[in-house]
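The values are calculated or read from the model by the stated rules, or taken from the named source; none is laboratory data. Worth saying up front: this structure is predicted, and the values here are computed from it rather than measured. Backbone-built Cβ (ideal geometry, glycine too); neighbour counts: all protein chains shown. SASA here: full protein model, heavy atoms, side chains in, ligands and nucleic acids out. Shrake-Rupley method; radii C 1.70, N 1.55, O 1.52, S 1.80 Å.
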Amino acid sequence: MITFDELKYKVSIIQVAEDIGYRLKKKDGCTNPCYALYHGDKKVDEILIQHPTDTYRQRFCDRNYHHGDVVEFVKLHINAWPQYPHPNEAIRIGIILKHYAGITYTPRESISFHEKEDFDPTRYITAPAQIKDCRFLINDRKISADTVKKFIGHIVIIRDSKSKKAITNIGFPYTVPGKNSTPTNYEIRNKGFKSMAAGGDASSSVWGVFSRKVENIFIFESAIDAMSFYELQQDKISFNHTALVSTGGGLSSRQIGNLLSAYNPHKITCCFDNDRQGSMYNEKVKGIVCEWNIREEKNTAIDTILPNEKDFNDDLKSIK
């Protein structure tokens with residue numbers, strides 16, 4: 001029986017997106033091309049495509065912060081194919097993907113896509129952050145100065161040397177769990193701006209604050225969520241033998257697998273946004289941990305903590 005992994009080699013997100021009405025916005029570039037969906041004259045969605053020339057590695061991100069591969073894209077738009085009904089969602093997705101795998105794909109737009117550039121650490125000028133550099137976190141995100149001080153060793157100030165604007169931002173360095181401490185990516189934030197480093201490793205690396213001995217790991221979508229959660233929970237939860245980790249808004253199996261392999265934790269707690277995407281991430285982590293436990297004969301527990309609002313930082317701002 002053909003697997004989802006095999007189908008991902010055969011079916012492009014772009015192929016599926018074009019077929020259900022998404023159209024390329026040529027002016028937005030060819031490295032991470034943008035496709036828009038319209039109902040009449042109203043734009044109802046946009047997606048960015050990562051790795052447009054590599055079908056297996058392709059991922060999408062839409063305006064509602066949904067991320068994923070072609071399987072996740074079909075799942076998100078499952079009702080676009082009423083001609084392929086089935087009560088089991090996974091089987092239905094497989095039927096839809098097999099349909100596209102059997103079609104010779106001809107792009108509707110004649111354009112040459114460029115693969116994403118490799119991560120160049122010398123492109124980013126960084127320095128250890130000081131409290132005076134963190135006004136965005138304190139004034140705009142409402143994280144207390146005391147909390148920022150506790151995390152300051154895991155924050156840098158960062159400037160993109162290729163940017164036309166000489167703007168210094170807040171950076172959260174990402175590394176591969178259990179490997180050396182050389183940054184392989186950066187989560188970059190400022191007022192009205194969030195990004196990841198160009199070409200950065202989004203599949204294996206995480207940002208994290210790790211105790212010397214790690215027994216419990218809390219996983220978040222952003223470093224700011226992790227800091228906010230700490231501030232909200234520091235009087236209720238013991239953070240001894242704990243790691244607070246950010247995956248950068250997406251979630252890959254290798255990120256979770258690397259954490260499990262490096263730290264063999266007693267427990268992993270998912271702290272994703274309280275929305276559909278967050279629920280999907282919860283289920284994905286549960287599946288990875290369950291497989292790890294069976295394969296490695298481990299007994300890592302899994303738990304979930306959901307914020308009351310969209311994210312923990314909203315909760316924090318609401319009590320300030």
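A few notes on this one:
- Enumeration of residues in segment 261-284 that are in a helix (DSSP H, G or I), surrounded by 21 or more Cβ atoms within 10 Å (Cβ to Cβ) and over 13 Å from the mean Cα position of the chain (by Cα): TYR263
- Elements of type strands (runs of 3 or more DSSP E) contained in segment 177-251, each with 2 or more residues being within 22 Å of ALA129 (Cα to Cα) and open to solvent by less than 50 Å² (accessible area, probe 1.4 Å): 185-190, 207-210, 242-246
- Count of segment 285-316 residues, restricted to those that are modelled with pLDDT under 90, loosely packed, with under 15 Cβ neighbours inside 10 Å and among the charged types (D, E, K, R), is 2.
- Residues in segment 285-299 that are of a type in the set (Val, Ile, Thr) and either over 20 Å from the mean Cα position of the chain (by Cα) or closer than 21 Å to PHE229 by Cα (or both): VAL285, ILE294.
- Boolean, VAL148 is in a helix (DSSP H, G or I), within 25 Å of THR31 (Cα to Cα) and of a type outside the set (Gly, Ala, Ser): no
- Identity of the residue in segment 174-200, of a type in the set (Lys, Arg) and at pLDDT below 90, that ends up nearest to the chain's Cα centre (by Cα): LYS194
- In segment 134-147, of all residues being of a type outside the set (Lys, Arg) and within 15 Å of LYS191 (Cβ to Cβ), the one that is most open to solvent (accessible area, probe 1.4 Å) corresponds to ASN139.
- Cβ pairs under 7 Å, 6+ apart, first in segment 205-218 and among the charged types (D, E, K, R), second surrounded by 19 or more Cβ atoms within 10 Å (Cβ to Cβ): GLU215/PRO265
- LYS150 being open to solvent by 40 Å² or more (accessible area, probe 1.4 Å) and more than 25 Å from ASP235 (Cα to Cα): no
- Failed condition for THR242, given (1) in contact (Cβ under 8 Å) with a residue 40 or more places away in the chain; (2) of a type in the set (Ser, Thr, Tyr); (3) touching a strand residue (DSSP E or B) at 6+ places or on another chain (Cβ under 7 Å); (4) farther than 15 Å from ASP69 by Cβ: (1)
- Residue within segment 126-133 that is assigned to a strand (DSSP E or B), surrounded by 12 or more Cβ atoms within 10 Å (Cβ to Cβ) and within 20 Å of the chain's Cα centre (by Cα) present: no
- Within segment 154-172, the set of residues being out of contact with any Phe, Trp or Tyr (no Cβ under 9 Å at 6 or more places or on another chain) and open to solvent by less than 70 Å² (accessible area, probe 1.4 Å) comprises ILE157, SER163.
- Condition check for THR104: within 15 Å of VAL16 (Cβ to Cβ), in a loop (DSSP other than H, G, I, E, B) and open to solvent by less than 50 Å² (accessible area, probe 1.4 Å): no
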